[in-house]
Amino acid sequence: MKTRVLSGMRPTGSMHLGHYHGALKNWVRLQDEHDCFYFVADWHALTTHYEEREVIEQSVYEMVIDWLAAGLDPDKSTIFIQSRLPEHAELFTLLAMGTPLGWLERVPTYKDQQDKLRDRDLTTYGFLGYPLLQAADILIYKATYVPVGEDQSSHVELTREVARRFNHLYGRGGGFEQRVAAALARLSKDDQRYYERQRKAFGETGAHEAWAKGEALVRRNAAALEGWTDPDTELLLGHLKGSGRSVLVEPQALHTEVPKLPGLDGAKMSKSYGNAVLMRDDPETVARKIRGMATDPARVRRSDPGDPDKCPVWSFHQVYGNDASRQWVRQGCTTAGIGCLECKQPVIDAIVAEQQPWRERAAALTAEPKKVHWIVENGTERARTVARQTMKDVREAMGLGY
Ligand code: TRP
Ligand code: SF4
């Protein structure tokens, strides 16, 4: 079975090159080898922009069109919208009951964002709780990998803690002890004694060797015994660890090393800073924006030598160039051998070429809005099947199965 990957983005409308190189490109790459779930985090947008009701619907579909234009394939990836799945809210509520306030107050983005977005009132309950909502988004699909930027690491870490706590608190319910006993009874007497020895040793000393021996024994039996199921394996491994059953899966963040693409002024690329090149900007706009880009401030005149390390255009050459072109830039810039417009031209050409397939796909999709809606509809129903099953497990584990 393929491992599950899950990620989400807030609906910010049309995507820019920073979104593509920082996230989307990776999402597209992952869909060939994993069972990928990608969703529009529209509730998350409300945690900071709850008063802006007009923009959201348009933004959702603009963003989905760019995802598809970038190469997300609805036959490979499940694409959906968070708010269409109230199950996320149910899990969020249930997890909230046992999550210490301090865990949320300690998440670094909480203070950071409040400092950054000073013009907004972020002293809301929703804003404090949003990393827990994110945890619910992830845990409800039992995702193994979560591709996100470094800035989201602390949210994935919180998700792991929440899952661990949940399994610890509730993984023993639902007749856990009896089910463990029933599964154990299927092993030979010798294996039972061996398992018990390893479990004790692991409990007392935490020795990895004991865990590994116990696990090997369980797996050997799992492969050999007729009618043995995965939940049986989960039970015995959980019992071996002393943690109860793993109802929720601890995910891992997946960071990819990509050269950063800054905005036109060298700051982080963002539509709200007005320094972005959009995925669907037309070639003239791209040329105009790149020609107007900031360069090394020391190059006032054409004859002044420059330093690529002090120039945001250089970062674009990292993403779009190759060794030879970078050699040309470094040499030309530091000796004033090339002018800045000359230096920018290969970047313009590369962006325009990169955008070509996006433009074509996006044009086709924009002409058929029903098709886009249908893709999202389909993905949403696929996601719902998984989310419902998890909620069933969760309710049962928490004693809400009545
Ligand atoms: N919080 C993420 C962001 O602001 C978006 C997000 C919401 C997310 N839920 C998620 C990302 C679950 C990964 C997994 O970018
Ligand atoms: Fe930047 Fe290129 Fe101009 Fe050097 S020549 S300052 S790298 S744009």
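Below is a table of values for the structure above.
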{"read-out": "Selection count, the stretch 92-107, where residues are open to solvent by 50 Å² or more (accessible area, probe 1.4 Å), in contact (Cβ under 8 Å) with a residue 12 or more places away in the chain and of a type in the set (S, T, N, Q)", "value": "0"}
{"read-out": "Verdict on Tyr145 being within 19 Å of Phe37 (Cα to Cα) and in contact (Cβ under 8 Å) with a residue 60 or more places away in the chain", "value": "yes"}
{"read-out": "Hits in the stretch 1-41 (condition: away from ligand 1 (no atom under 12 Å from the Cβ), part of a helix (DSSP H, G or I), in contact with a helix residue (DSSP H, G or I) (Cβ under 8 Å, 6 or more places away or on another chain) and open to solvent by 20 Å² or more (accessible area, probe 1.4 Å))", "value": "Tyr20, Lys25, Val28"}
{"read-out": "Qualifying residue in the stretch 356-370 (condition: assigned to a loop (DSSP other than H, G, I, E, B), open to solvent by less than 40 Å² (accessible area, probe 1.4 Å) and either in the same structural domain as Leu85 (by TED's automatic domain parsing) or not hydrophobic (A, V, I, L, M, F, W, C) (or both))", "value": "no"}
{"read-out": "Flag if Val394 is over 30 Å from Met97 (Cβ atoms), touching a Leu at 6+ places or on another chain (Cβ under 7 Å) and open to solvent by less than 50 Å² (accessible area, probe 1.4 Å)", "value": "no"}
{"read-out": "Options Pro369, Pro312; residue that is out of contact with any His (no Cβ under 9 Å at 6 or more places or on another chain) and either modelled with pLDDT of 95 or more or within 16 Å of ligand 1 (Cβ to nearest atom) (or both)", "value": "Pro312"}
{"read-out": "Residue ID - modelled with the lowest pLDDT, chosen from residues in the stretch 152-171 that are out of contact with any helix residue (DSSP H, G or I) (no Cβ under 7 Å at 6 or more places or on another chain) and open to solvent by 90 Å² or more (accessible area, probe 1.4 Å)", "value": "His168"}
{"read-out": "Within the stretch 108-136, tally of residues that are under 25 Å from Val394 (Cα atoms) and open to solvent by less than 40 Å² (accessible area, probe 1.4 Å)", "value": "11"}
{"read-out": "Among (1) open to solvent by 40 Å² or more (accessible area, probe 1.4 Å); (2) more than 16 Å from ligand 1 (Cβ to nearest atom) - the single one Gly263 does not satisfy", "value": "(1)"}
{"read-out": "Filtered residues of the stretch 272-312 (kept if of a type outside the set (A, V, I, L, M, F, W, C), open to solvent by less than 30 Å² (accessible area, probe 1.4 Å) and more than 10 Å from ligand 2 (Cβ to nearest atom))", "value": "Asn275, Asp281, Thr285"}
{"read-out": "Set Ser59, Ser77: member being touching a Pro at 6+ places or on another chain (Cβ under 6 Å), more than 16 Å from ligand 2 (Cβ to nearest atom) and either in the same structural domain as Thr285 (by TED's automatic domain parsing) or hydroxyl-bearing (Ser, Thr, Tyr) (or both)", "value": "Ser59"}
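The values are calculated or read from the model by the stated rules, or taken from the named source; none is laboratory data. These numbers come from a predicted model, not from an experiment. Note that each Cβ is placed from the backbone with ideal geometry, even for glycine, and that neighbours are counted across all protein chains shown. When the accessible area is computed, the model is the full protein with side chains, heavy atoms only, and any ligands, DNA or RNA have been set aside. Shrake-Rupley method; radii C 1.70, N 1.55, O 1.52, S 1.80 Å.
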